[in-house]
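Working notes, beginning with the structure itself.
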Amino acid sequence: MTATQAHARYARLSIFLHWAMLLLITAVYSCILLRESFPRGSDLREGLKMWHFMLGLSVLALVIIRIVARLLTTKPPIKPEPPAWQMLLAKVTHLALYAFMLAMPIAGWLILSSADKTIPFFGLELPALVAPDKALAEQIEELHETVGTIGYFLIGLHALAALFHHYVVKDNTLKRMLPGKR
């Protein structure tokens with residue numbers, strides 16, 4: 001493999017984190033949506049909520065690792081290079097996705113904290129970030145739900161852009177992030 005081929009893709013860690021985040025975020029959304037299928041107070045409903053919380057906090061942990069990895073590795077160029085307006089739109093979308101992946105778990109943690117509930121994390125109980133405040137919990141929960149809905153559109157836009165670049169523009173945007181042999 002030539003040096004050019006090696007630099008045509010993201011680092012393995014970045015590729016792994018990208019697809020792991022997709023699976024994790026899918027699981028977070030699935031847990032909170034599936035809970036609606038079960039009666040309030042049922043073990044299954046409560047279990048799905050707990051998994052939603054724990055997986056959401058896992059998103060926070062992984063996105064921090066992902067940001068560090070992104071800062072320490074090089075970003076492979078898109079070939080052929082897209083117009084400046086597309087590069088700007090991609091940058092804004094990526095920043096919005098990173099903000100989403102940081103803000104949503106923190107908001108969830110704040111909701112549990114202000115609702116005076118335990119913050120479960122795979123056998124650990126994390127500390128509250130704020131003092132109990134029911135009104136604050138309700139405000140943050142409303143915002144959390146709204147941003148969660150926006151997240152569907154951000155993720156969908158990101159996926160559609162990758163597919164557009166792959167199938168219509170026929171550049172290497174998607175190939176740079178695909179897993180596989182180097």
ask   = How far is helix 43-72 tilted, in degrees, relative to the longest principal axis of the Cα atoms in the chain, given as a value from 0 to 90 rounded to the nearest 10?
value = 40 degrees
remark   = PRE zone check, label point 7 Å out along Cα-to-Cβ of Leu143, amide N under 15 Å, scope region 94-122, hits 99-115
request  = Using only Cα atoms, find the angle between the long axis of helix 12-34 and the longest principal axis of the chain, and express it within 0 to 90 degrees, rounded to the nearest 10.
outcome  = 40 degrees
message = At 1.4 Å probe size, with the rest of the protein present, what percent of the exposed accessible area of the chain is carbon and sulfur atoms?
response = 70 percent
remark   = Counting only backbone N atoms under 13 Å from a point 7 Å out along Cα-to-Cβ of Phe122, the residues of region 59-79 in range are 59-63
query = So, in the chain, how many Lys pairs have Cα atoms under 23 Å apart, if the pair is 8 or more places apart or on different chains?
reply = 14
message = If amide hydrogens are placed 1.01 Å from N in the peptide plane, which non-local residues have theirs closer than 5 Å to the one on Ile119?
response = Leu126
request  = Report, in deg cm²/dmol and to the nearest 500, the calculated mean residue ellipticity at 222 nm for the chain, where each DSSP H run with n ≥ 4 adds -39500 (n - 2.57) and the sum is divided by the residue count.
outcome  = -23000 deg cm²/dmol
ask   = Can you tell me the accessible area per residue over the chain, all protein chains present, probe 1.4 angstrom, in square angstrom?
value = 63 Å²
query = Relative to the longest principal axis of the chain, what angle (0 to 90°, nearest 10) does the C-alpha long axis of helix 84-114 take?
reply = 20 degrees
inquiry  = Let me make sure I get this right: for region 1-95, a, b and c are the square roots of the gyration tensor eigenvalues over alpha carbons, sorted descending. Under 1.5 in a/c it's rounded, otherwise prolate if a/b > b/c, else oblate. Which is it?
reply    = prolate
ask   = Over the C-alpha atoms of the chain, what are the Rg and the largest Cα-to-Cα span, Dmax, in Å?
value = 18.9, 59
query = Rounded to the nearest 0.05, what FRET efficiency do Ala159 and Lys134 have when you use their Cβ-Cβ distance and R0 = 45 Å?
reply = 0.75
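The values are calculated or read from the model by the stated rules, or taken from the named source; none is laboratory data. Predicted, not measured: the structure shown is a model, and the values here were computed from it. Glycine also receives a Cβ, built like all others from the backbone with ideal geometry; neighbour counts cover every protein chain displayed. Note: areas computed on protein heavy atoms with side chains; ligands, DNA, RNA excluded. Shrake-Rupley method; radii C 1.70, N 1.55, O 1.52, S 1.80 Å.
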